[in-house]
Amino acid sequence: MPHGKPAGIPCVQLDDDYRCRLFGRPERPAFCASLRPSPEMCGRDRRQASDMLLSLERATAP
């Protein structure tokens with residue numbers, strides 16, 4: 001997504017299982033490659049990760 005991605009919208013590179021289609025490939029954006037997820041960021045499951053992202057989006061909204 002060359003012009004960024006709106007909050008709450010999945011990346012266009014995610015497949016139906018929310019797995020990155022570019023993982024491990026040279027065309028994967030540097031931002032994605034530099035992300036180091038942790039249990040504090042992701043929680044125990046997808047639901048907790050989504051809740052955390054929503055909280056961060058709200059806290060950083062203009």
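Please treat every number below as a calculation from the coordinates, not as lab data. Worth saying up front: this structure is predicted, and the values here are computed from it rather than measured. Cβ sites come from the backbone with ideal geometry, for glycine too, and all protein chains shown count toward neighbours.
A few remarks follow.
- Lone unmet requirement of (1) under 12 Å from the mean Cα position of the chain (by Cα); (2) free of Cβ contacts under 8 Å to residues at least 24 places away in the same chain; (3) at positive phi for Gly8: (2)
- Scope region 21-37; condition in a helix (DSSP H, G or I) and either aromatic (Phe, Trp, Tyr) or surrounded by 10 or more Cβ atoms within 10 Å (Cβ to Cβ) (or both); matching residues: Phe31, Cys32, Ala33
- Region 8-20 - residue that is exposed (fewer than 12 other Cβ atoms within 10 Å of the Cβ) and not aromatic (Phe, Trp, Tyr) and, of those, nearest to Glu57 (Cα to Cα): Gly8
- Scan of region 38-58 for residues that are in a loop (DSSP other than H, G, I, E, B) and surrounded by 13 or more Cβ atoms within 10 Å (Cβ to Cβ), ordered by number: Gly43
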